[in-house]
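Everything on this sheet refers to the single structure shown next.
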Amino acid sequence: MLDVNLCGVKMRNPTMLAAGVLGITASSLNRVYHHGAGAVVTKSFSLEPNMGYKNPTIVEAPYGLINAMGLSNPGVKSFKKELYKIEDRIPVVASIYGSSPEEFVKVALEVQDIVDMIELNVSCPHAMEGYGATIGQDPQLTFKVVEAVKKACKVPVAAKLTPNVTDIKEIALKAEEAGCDAITLINSLGPAMKIDLKTGKPILSNKFGGLSGPAIKPIAIRCVYEVYEVVEVPLIGVGGITDYKDVVEFLYAGASATQIGSAIFYKGLGVFKRICDDLKVFMKREGFKSINEMVGLAHE
Amino acid sequence: MLDVNLCGVKMRNPTMLAAGVLGITASSLNRVYHHGAGAVVTKSFSLEPNMGYKNPTIVEAPYGLINAMGLSNPGVKSFKKELYKIEDRIPVVASIYGSSPEEFVKVALEVQDIVDMIELNVSCPHAMEGYGATIGQDPQLTFKVVEAVKKACKVPVAAKLTPNVTDIKEIALKAEEAGCDAITLINSLGPAMKIDLKTGKPILSNKFGGLSGPAIKPIAIRCVYEVYEVVEVPLIGVGGITDYKDVVEFLYAGASATQIGSAIFYKGLGVFKRICDDLKVFMKREGFKSINEMVGLAHE
Amino acid sequence: MHVPKILEIKRIIRESSDVKTLICPWDGKSPVPGQFMMIWDFKDEKPMSVSLIDKTNNEIGISIRKVGPFTSRIHKLREGDKLGLRGPYGRGFTIEGHRILAIGGGVGMAPIAALVEEARARDFEVDVIVAARTYDELLFLDRLEKTGARIFTCTDDGSCGFKGFAIDRLKTLKETYDMAMVCGPEAMMKGIFLELEKRGIPGQFSLERYIKCAMGLCGHCCLDNTGWRVCVEGPVFWSHELKMVKEFGEYKRDATGAIRPLG
Amino acid sequence: MHVPKILEIKRIIRESSDVKTLICPWDGKSPVPGQFMMIWDFKDEKPMSVSLIDKTNNEIGISIRKVGPFTSRIHKLREGDKLGLRGPYGRGFTIEGHRILAIGGGVGMAPIAALVEEARARDFEVDVIVAARTYDELLFLDRLEKTGARIFTCTDDGSCGFKGFAIDRLKTLKETYDMAMVCGPEAMMKGIFLELEKRGIPGQFSLERYIKCAMGLCGHCCLDNTGWRVCVEGPVFWSHELKMVKEFGEYKRDATGAIRPLG
């Protein structure tokens, strides 16, 4: 009843672990799957190792979290070893990043045989200049990255977009035109900032970070709704999901699957199973037989 | 101790009533002043009367409100009568909107003699096509509107900007280049959306609305901080303020004054006086003698 | 959370040729008589006062007169159809004093019916003037009779009870009251306000204004000259407050915020 | 809210040539021995375990050994200087069993000191092995003596008490214990873990890993093969859990997430 087929990737339910959360080791990804996630997305990794930013890298905000981890990862060579240790039955999405189409392609080629899908992080709002949102805020750069990876790879490719643009539809259309198989909406919002009152200092070492959690859900829902009206490819909804109602809202807005991150902080790892259990009850009560029936219902 | 001189407009404290809230009648504006606001901003008005959108025009979100009032106002001719009824001693900022530089100028000329400042609404995220954020998301249009009003008017002019752009610094710089005397940051975030689960319908009649309230404060703080580093004109900070700590955070980020809207829902009209009382205690404790000393402290 | 709750209409009562009461389940905060709910029919959303508060069965009733496109759509709904409700909003009636006079004109009887039931349940002595244009339009007489309140009907055409307006009926009542509670057309309420002032009886009056947010923010329902918000400080105002409300009985504002004299 | 609280350092205690304890006021949630705090010096933020929990005076103490740039900066701070603290985080020690053996090596004595004080205050019978390289580096002996716990010091160079490692001292103790609680270098803990297993004594061990968020999200501190987060499921793990932690005593991960064998 809850199963989803996303670009040929079969998931037992529509709740995926979002990129950047508990995704740096195979053990952790296996564990999240065993807590109920339908699929897991790795932490974004790149060609070379990256230490990320100094702490503080996270601070809480009203109904949200502001983080600037800084894309820390051991580099693709090292990360491949982790990927091999993920259990076979788990649908794995590799989140990758780089500063040029070539870099993206190199990383993608390294791992495409051992993952089910690739998600392009062209949207991290606290990335170094030239990475993350710097790409995804530019339709042409987005196009080039997606096109290059699509040409080079045989696995499905999702583009994860940033909401921090004047018109997300424009970027989504470019990503689709470049051939992406799915679009993930949205990366964290902002950037956002928290200043300490006693010292007058921005708390995060990077000053700015991405806002996630329930605070951003109304923005994420709008992005999914808006993009659903202009593209054909399936959408993966993410941003502020903490319960089954949020998942339903994303499905209605037009998402074919969803991702969950910050809710692990708010609700614990049981959040995946809880959402799926509640979702089943909801679907029975409302007479839905499959997730698919619910996708895009908010559109006339 | 709390007094502020904003482009020559003298305010008894740095808490202004934000545009769009309790600003449609003189009685209401007078009342808000008597509840402690340092200055009041009117509801945005235009050349012709506007009914606004059908209800629902507001819905609550986690730690925020999503609204799409639709810029309802009785038109400048009728609104002038209200402006005359505002008590003399109250610093009044007229928020105005239009779809062209000429329209902005016409409205501004009608009222400039009876207000202390004009705030240009080029940022409403739920305005009709051609109005509000449609202007403020385009640096050139923003420039033209600000320039036209500045050339025509003798009162100080603030441009209120939308955070819903790829780079708010770019827009702020254009507004400054066009001669604005101050910049108000930020209008509501998004647009945002809430879908009802029982019916699958977007709740707001306009589907999309602007997100305000504590949820957006981390974004507003970042916008003020970022823009403070590139412009010279004073900034007015707005977005999610509900207590004195929020005001201090905005001042540290670089705002010379602040505006308060949604907090009237969360805390009641007493919020202005409460913030000012607490702010005074904070300033004494931390050794500040004037608001001005606190402005921009978060910058190295 | 101020989000409409989607509910199924449990029962519909036809009260008169143009007034229906919709009964909905309600497990939210229980309204006080005089408070209002925002009713969303998925096309528009309007404030409606609560005419029935059944705490035993967790039900509330909303009585709606067919006057325009919104209310016509509501009148077409059937039992089992869905509606969105949020609220309750505003300040309702404060039931105080030993002898209470309640006055309702037309569909203004809606909050008055809820009020009389609550006041009688709490054993207040209540007289009610039920006013309407004609006999068929007198509302809630059955429910009122059950409460044991003393009922004075009056109709413009004399088809039931006293012939004339509520104000005329009031003038013939020589009893003294500690408190009057009134809802009806504003012109009627203004007259009653003046008469009550003359007789030194404090009154509470339920006002109607154009309401968008109902959350005290948009400012559309603010009253001159006090700036009070009908959706927060009202909709029920006391006589001593109304003395400061210059627009009472004079004008209200339309959807744009422009002033419209009362018709 | 998980936001650093900015506090003034009330007192600084020099515990040894390279360890200082900073005492700060703390009116937040009281830590359990074994839990840690995130310490922000306005340049960087690191996890540090709590060495003193004074619920009477609302104070906590953090003991820090000078080992790198961050801890060197901390060592330069003076009383009255500010620090940012958030926490407490993680799962601490569970004080259970009749006779408890506590073992601390080097600055690993920090949580052990807090633990012994709490266990003795609750009248548990406690033996402590205090281990260090040399006499000067034996920590918290005064505090421990005040608790009435039985103290076994041991130093690598024999300058105080038993000459040798904590594991050697443990082997000479023939007493039986219901529970052991251990904190120190991981190689030391691994040896003690094996010895305790042999003797059938359940143990609790405080692990240290690279921690960024401390809120269970970033995943940097996850252990192989269980995926447990040191910041949430740890830092204290029980013997039966550690049997499943393949990396215990073998390797940890650096700031990039890459595997580094234990030195």
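Quick rundown of the values:
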| item | result |
| --- | --- |
| Check on B:GLN140, open to solvent by less than 40 Å² (accessible area, probe 1.4 Å) and either assigned to a helix (DSSP H, G or I) or in contact (Cβ under 8 Å) with a residue 12 or more places away in the chain (or both) | no |
| Test: D:GLU45 is surrounded by fewer than 17 Cβ atoms within 10 Å (Cβ to Cβ), touching a strand residue (DSSP E or B) at 6+ places or on another chain (Cβ under 8 Å) and at pLDDT 95 or above | no |
| Strands (runs of 3 or more DSSP E) enclosed by the stretch D:77-184 - at least 2 residues per element that are out of contact with any Asp or Glu (no Cβ under 7 Å at 6 or more places or on another chain) and farther than 30 Å from A:GLU60 by Cα | D:99-105, D:125-132, D:150-155, D:179-183 |
| The stretch C:204-237, residues that are among the hydrophobic types (A, V, I, L, M, F, W, C) and free of Cβ contacts under 8 Å to residues at least 60 places away in the same chain | C:PHE205, C:LEU207, C:CYS213, C:LEU217, C:CYS218, C:CYS221, C:CYS222, C:LEU223, C:TRP228, C:PHE237 |
| Among the candidates B:LYS85, B:LYS106, residue that is open to solvent by 10 Å² or more (accessible area, probe 1.4 Å) and either more than 11 Å from chain C (Cβ to nearest Cβ) or acidic (Asp, Glu) (or both) | B:LYS106 |
| Boolean, A:GLY213 is facing another protein chain (nearest Cβ under 9 Å), over 14 Å from the mean Cα position of the chain (by Cα) and on the phi > 0 side of the Ramachandran plot | no |
| Residue check, D:SER63 part of a loop (DSSP other than H, G, I, E, B), touching a residue at least 12 places away in the same chain (Cβ under 8 Å) and either within 25 Å of D:ALA149 (Cβ to Cβ) or out of contact with any Gly (no Cβ under 9 Å at 6 or more places or on another chain) (or both) | no |
| Tabulated pairs, the stretch A:63-77, first closer than 17 Å to A:ILE195 by Cα, second crowded, with 24+ Cβ neighbours inside 10 Å and modelled with pLDDT under 95, C-beta under 6 angstrom, 6+ apart or interchain | A:ALA68/A:HIS126 |
| Among (1) crowded, with 18+ Cβ neighbours inside 10 Å; (2) assigned to a helix (DSSP H, G or I); (3) not polar (S, T, N, Q), the one test that A:VAL231 misses | (2) |
| Unique match (being away from chain A (no Cβ under 11 Å) and in contact with a helix residue (DSSP H, G or I) (Cβ under 9 Å, 6 or more places away or on another chain)) among B:ILE291, B:ILE221 | B:ILE291 |
| Matching option when the condition is touching a Pro at 6+ places or on another chain (Cβ under 9 Å), within 13 Å of chain A (Cβ to nearest Cβ) and at negative phi, among D:CYS218, D:CYS231, D:CYS222 | D:CYS231 |
| Residue ID - farthest from the other protein chains (Cβ to nearest Cβ), chosen from residues in the stretch B:1-26 that are open to solvent by 10 Å² or more (accessible area, probe 1.4 Å) and closer than 23 Å to C:ARG209 by Cα | B:ALA19 |
| Residue in the stretch D:154-163 that is closer than 15 Å to D:MET109 by Cα and modelled with pLDDT of 95 or more present | yes |
| Positions within the stretch D:227-244 being among the hydrophobic types (A, V, I, L, M, F, W, C), out of contact with any Phe, Trp or Tyr (no Cβ under 7 Å at 6 or more places or on another chain) and under 23 Å from D:ILE95 (Cβ atoms), in sequence order | D:TRP228, D:VAL230, D:VAL232, D:TRP238 |
| Identity of the residue in the stretch B:179-195, more than 12 Å from every other protein chain (Cβ to nearest Cβ) and open to solvent by 10 Å² or more (accessible area, probe 1.4 Å), that ends up nearest to A:THR162 (Cα to Cα) | B:ASN187 |
| Among residues of the stretch A:29-62, those that are within 7 Å of chain D (Cβ to nearest Cβ), of a type outside the set (S, T, N, Q) and touching a residue at least 24 places away in the same chain (Cβ under 8 Å), counted | 7 |
| From the options B:SER262, B:SER205, residue that is more than 9 Å from chain A (Cβ to nearest Cβ), out of contact with any Phe, Trp or Tyr (no Cβ under 9 Å at 6 or more places or on another chain) and small (Gly, Ala, Ser) | B:SER262 |
| The one condition in (1) within 10 Å of chain B (Cβ to nearest Cβ); (2) within 23 Å of A:VAL41 (Cα to Cα); (3) among the acidic types (Asp, Glu) that A:GLU286 fails to fulfil | (2) |
| Subset of the stretch C:234-244 that is in contact with a Ser or Thr (Cβ under 9 Å, 6 or more places away or on another chain) and surrounded by 21 or more Cβ atoms within 10 Å (Cβ to Cβ) - its residue that is farthest from the other protein chains (Cβ to nearest Cβ) | C:VAL236 |
| Spans of strands (runs of 3 or more DSSP E) in the stretch A:48-124 with at least 3 residues within 18 Å of the chain's Cα centre (by Cα) | A:64-67, A:92-96, A:117-121 |
| Residues within the stretch B:255-273 that are touching a His at 6+ places or on another chain (Cβ under 7 Å) and small (Gly, Ala, Ser), tallied | 1 |
| Tally of residues being facing chain A (nearest Cβ under 10 Å) and open to solvent by less than 30 Å² (accessible area, probe 1.4 Å) across the stretch D:4-40 | 6 |
| Selection from the stretch C:108-135 of residues that are out of contact with any Cys (no Cβ under 9 Å at 6 or more places or on another chain) and open to solvent by 10 Å² or more (accessible area, probe 1.4 Å) | C:GLU117, C:GLU118, C:ARG120, C:ALA121, C:ARG122, C:ASP123, C:PHE124, C:GLU125, C:ARG133 |
| Extreme residue, nearest to C:PHE162 (Cα to Cα), among residues of the stretch C:120-131 that are in contact with a strand residue (DSSP E or B) (Cβ under 7 Å, 6 or more places away or on another chain) and free of Cβ contacts under 8 Å to residues at least 40 places away in the same chain | C:VAL130 |
| Some residue of the stretch A:36-59 being open to solvent by 20 Å² or more (accessible area, probe 1.4 Å), modelled with pLDDT under 95 and in contact with a helix residue (DSSP H, G or I) (Cβ under 8 Å, 6 or more places away or on another chain) | no |
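Matching residues to (1) open to solvent by 30 Å² or more (accessible area, probe 1.4 Å); (2) touching a helix residue (DSSP H, G or I) at 6+ places or on another chain (Cβ under 9 Å):
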| residue | (1), (2) |
| --- | --- |
| D:PHE152 | no, yes |
| D:ALA166 | no, yes |
| D:MET179 | no, no |
| D:CYS183 | no, yes |
| D:ALA187 | yes, no |
| D:LYS198 | yes, no |
| D:GLU208 | yes, yes |
| D:LYS212 | no, no |
| D:LEU217 | no, yes |
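The values are calculated or read from the model by the stated rules, or taken from the named source; none is laboratory data. Just so we're clear, the structure is a prediction, and the values are computed from it rather than from any experiment. Don't worry about glycine lacking a Cβ; one is built from the backbone with ideal geometry, like all the others, and counts go over all protein chains shown. What goes into the accessible areas is simple: the full protein's heavy atoms, side chains included, and nothing from ligands, DNA or RNA. Shrake-Rupley method; radii C 1.70, N 1.55, O 1.52, S 1.80 Å.
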